[in-house]
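Visitor: I have a structure here, written as structure tokens, and I will follow up with some questions on it.
The values are calculated or read from the model by the stated rules, or taken from the named source; none is laboratory data. As the structure is a prediction and not an experimental result, all values here were calculated from the model. Cβ placement follows ideal geometry from the backbone for every residue including glycine, while neighbour counts extend to all protein chains displayed. For the accessible areas, the whole protein counts, side chains as well, though only heavy atoms, and no ligand, DNA or RNA atoms are used. Shrake-Rupley method; radii C 1.70, N 1.55, O 1.52, S 1.80 Å.
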Amino acid sequence: MTIIDGKETAAKIKAEIATEVAQMVAEGKRAPHLAAILVGHDGGSETYVANKVKACAECGFRSSLIRFESTPEAPLDPKVLMDEIARLNADPEVDGFIVQLPLPKHIDEQAVIEAIDPAKDVDGFHPVNVGKQAVGLPCFHSATPAGIVELLHRYGISPAGKRVVIVGRSNIVGKPLAAMLMQKGPKADATVTVCHSATPDLASITREADILVAALGRPGFVKADMVKDGAVIVDVGTTRVPDATRKSGFRLSGDVDFEAVAPKCEAITPVPGGVGPMTICSLMLNTLQAARNRN
Ligand code: NAP
């Protein structure tokens, strides 16, 4: 059984990116520039954005963090956010930018996503990028699915001809991952099934998976009897669960009962240190691509 090390793989990819960026700079070109907008003070979002800023430094990118306060007493005017998006769309010094989700409830997330110039949408959430991805055209792929595809590839696990079962149909994980893996061509050619909360007898389907992807946000949901012997397991779940032994007071839990499932598998991603670091890597790769497009 192989524990798929997303952290180590991500470090290698970031080193590859840094080498290309150093070359760009040596040729007199500007280093890639990623901007991030953070609204409010959600604990998870603060951590994700801090990790993205750190990854930019590791890759030799310039990064900018734009913060807006928003509280229930003083909610951010959505127009202020939209104006900032328009400014970043027009800024020739910014190659790509993200608006960290989730946003406070009073802001229309879909409207925000659609306000981003698709050419700078390095999260790959804009419908133009989603549509291009669906028909197999070059685009900014959604970061988490792209990270999963690359992680499997780097471990020599080909989805071609395999039965892939994805549990979860969100717009940021399940759907775009299914779209990527069902394409014709390299790193794809899988037979994909997507399950969700209305899927009856889920275990009978997950047991057919050669590659099982759990993206539900329900800690320890996938048990050993839901998994075929020798399957590859990709655990996307990252739920904060209380843990008094940790300084932070919580730990991250995946959607797979790791201790019970791991002995049955050919390979499995841990949480943390599996898919998470690869998601940030995809964002860096998309930003590098945006900079290449600009050059
Ligand atoms: P989401 O939008 O909440 O969607 C969850 C999906 O799981 C939905 O499609 C839901 O079905 C399905 N589901 C929930 N309970 C189920 C059940 N009992 N049986 C079958 N399906 C069930 O979640 P998400 O944004 O995709 O995130 C999923 C998890 O991945 C979360 O823990 C999140 O934190 C994590 N995540 C991690 C990364 C990373 O970089 N590591 C990135 C993104 C997300 P319905 O559609 O029918 O409601």
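Visitor: Restricting to Cα pairs below 8 Å that are 6+ residues apart, what does the relative contact order work out to for the stretch 75-205? Please round to a whole percent.
Guide: For the stretch 75-205, the relative contact order is 17 percent.
Visitor: Using a simple spin-label model with points 7 Å from Cα along the Cα→Cβ vector, what separation in nm is obtained for Val25 and Asp117?
Guide: Roughly 2.4 nm, to one decimal.
Visitor: Continuing with this model, one more query. Counting only protein heavy atoms and a 1.4 Å probe, tell me what percentage of the stretch 162-290's accessible area is made up of carbon and sulfur.
Guide: 55
Visitor: Same structure, new question: Report the normalised scattering of the stretch 1-129 as log10 I(q)/I(0) at q = 0.10, 0.12 Å⁻¹, calculated by the Debye formula with identical scatterers on the alpha carbons.
Guide: Once normalised to I(0) and log-transformed, intensities are -0.38, -0.53.
Visitor: Any idea what angle helix 78-90 forms with the longest principal axis of the chain, computed on alpha-carbon atoms, 0 to 90 degrees, nearest 10?
Guide: 80
Visitor: Related question: Using the heavy atoms of the protein chains alone and a 1.4 angstrom probe, what is the accessible area of the stretch 1-52 per residue in square angstrom?
Guide: I get 47 Å² per residue for this part.
Visitor: Using alpha carbon centroids, what distance separates the stretch 141-220 and the stretch 19-63, in Å?
Guide: The stretch 141-220 and the stretch 19-63 have Cα centres spaced 28 Å from each other.
Visitor: Here's a follow-up. By DSSP, what percent of the beta bridges with both residues in the chain are antiparallel, rounded to the nearest 5?
Guide: 10
Visitor: Let me have the relative contact order for the chain, percent, based on Cα pairs under 8 Å that are six or more residues apart.
Guide: Averaging sequence separation for qualifying contacts and normalising by length gives 21 percent for the chain.
Visitor: Highest mean first, how do 43-54, 264-275 rank when packing is the count of other Cβ atoms within 10 Å averaged over residues?
Guide: Packing proxy ranking, top to bottom: 264-275, 43-54.
Visitor: Roughly what % antiparallel, to the nearest 5, for the DSSP beta bridges in the stretch 144-295?
Guide: 20
Visitor: Okay, moving on. State the three equivalent ellipsoid semi-axes of the stretch 120-265, derived from the C-alpha gyration tensor as the square roots of 5 times its eigenvalues, in descending order and whole Å.
Guide: Value: 25, 20, 14 Å, ordered largest first.
Visitor: Could you list the square roots of 5 times each eigenvalue of the Cα gyration tensor of the chain, that is, the equivalent ellipsoid semi-axes, sorted largest first and rounded to whole Å?
Guide: That gives 31, 23, 19 Å for the three semi-axes.
Visitor: Around Ile37, which amide H atoms from residues at least 5 apart in sequence, or from another chain, sit under 5 Å from its own amide H, with H modelled in the peptide plane?
Guide: Placed amide hydrogens put Ile66, Ile98, Val99, Gln100 under 5 Å from Ile37.
Visitor: Something else: Suppose every Lys and Arg Cβ carries +1 and every Asp and Glu Cβ carries -1, with no other charges. What dipole size does the stretch 196-253 come out with about its Cα centre, to the nearest 20 debye?
Guide: The dipole magnitude comes to about 460 debye.
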